[in-house]
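Rule-based calculations on the coordinates, nothing more; no lab input. All values derive from a computational prediction rather than experimental measurement. Here Cβ is always computed from backbone atoms with ideal geometry, including for glycine, and neighbour counts include all displayed protein chains.
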Amino acid sequence: MPRAIQIAATGGPEVLQLVDVPVGEPGPGEIRIRHHACGLNYIDVYHRTGLYPLKLPHGIGMEGAGIVEAVGEGVTHLKVGDRAAYASQPPGSYGEARVMPAKTVCRLPEGIAFDTAAGMMLKGLTVQYLLKKTLPAEGLARGDFVLWHAAAGGVGLIACQWAKALGYQLIATAGSAEKCRLALDHGAAHAINYRNENFVERVKAVTGGKGVKVVYDSVGKDTFEGSLDCLRPFGLLASFGNASGPVAPFAPGLLGPKGSLYMTRATLFTHIATREATQAMADDLFGVVGSGAVKIRIDQRYPLSEVAQAHRDLEARKTTGSTVLIP
């Protein structure tokens, strides 16, 4: 019987339990996949702690890559033996095998390794919808400044490279000199160590006092007010995570005097709601990775049995680039 990580209660990393799980055969619209690698993402922490509630007990993990073992009725884009990868609801990628909906699973090009795919699908598709679809009212043009928080993580390092390929000047924030150097090495135009610099003041200095058109913020509570203060008039704050905790309720009137600002709380799963949208976004991601314009860093690998330590390291901000679990 395959093994998988489940949680029976919310809490710290200690609630992650390795258990035997029945998998069975795929039903209509489903596939069974045998994982070669599983991705680790901060949304997994939100599921584990209950910030994003699940009906318990439940598996967690949103990203994986492996071989299709069985195909249910009505699935035409995949066949048994295909290399495949996904970022998908419902949670449950932390395991040796699973049955899951097929619509968001994509055939994986031969040139992309399983661990690379498991470290890039959720993160890379997130960058794709942010840089390509979550745009300020005035749009983005080559040479424009954008601010990206937590730029040395898996999502951030992809963003640094992809933004450079699009001609944008990405201003990165990170929590150490080493992480700032990592962002610069991956294409960021500027880097700010928020532990010893005021990132609002630095952004204003870099942009000649104008501010940026858009801030991409996965940190949440700790950066919210500063992110708004970094925006030029009509700028957009795109919030897509809560690493420091959720943003507190605020009065929409706050956005007016700061420059008629816009704000959105974006999620990947709205963008990959259909088979067609998922494939188009994945093709864009596969293309930019295949071209070499974006390289995926897998900086941490843990056996599936050491998932609790992987979560501890992620929450302590000890990780850089992408992290994968090996079943």
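Could you work out [θ]222 nm for the chain from helices alone, using -39500 (n - 2.57) per DSSP H run of at least four and dividing by all its residues? Round to the nearest 500 deg cm²/dmol.
Rounded to the nearest 500, it is -8000 deg cm²/dmol.
Which value in Å is the Kirkwood Rh of the range 248-312 over different Cα pairs?
Kirkwood hydrodynamic radius for the range 248-312: 16.5 Å.
Would you mind checking the radius of gyration and Dmax of the range 135-265 based on alpha-carbon positions, in Å?
Looking at the range 135-265, its Cα Rg and Dmax stand at 13.5, 39 Å.
Using all Cα-Cα distances in the range 1-68, what percent lands in each 5 angstrom bin from 0 up to the longest?
4, 15, 23, 25, 19, 12, 3, 0
For the chain, what value does the Rg/Rh ratio take when both radii are computed over Cα atoms and Rh is the Kirkwood radius, given to two decimals?
That ratio equals 0.97.
For helix 275-290, what angle does its Cα long axis make with the longest principal axis of the chain, in degrees from 0 to 90 and rounded to 10?
Roughly 70 degrees, rounded to the nearest 10.
Over 24 Å between C-alpha atoms is what I'm after, so list which of Lys295/Lys318; Lys132/Lys164; Lys132/Lys213; Lys179/Lys295; Lys213/Lys295 land there.
Pairs exceeding the cut-off: Lys213/Lys295.
For a quick check: sort Trp162, Trp148 by the number of other beta carbons within 10 angstrom, fewest at the front.
Trp162, Trp148
With a 10 Å radius around each residue's Cβ, average the other Cβ atoms per peptide and rank 105-113, 224-232, 6-14, highest first.
Ranking, from highest mean packing down: 224-232, 105-113, 6-14.
Which value, to two decimals, describes the C-alpha radius of gyration of the range 190-327 once divided by 2.2 N^0.38 Å?
In units of the globular-protein estimate, the range 190-327 measures up at 1.27.
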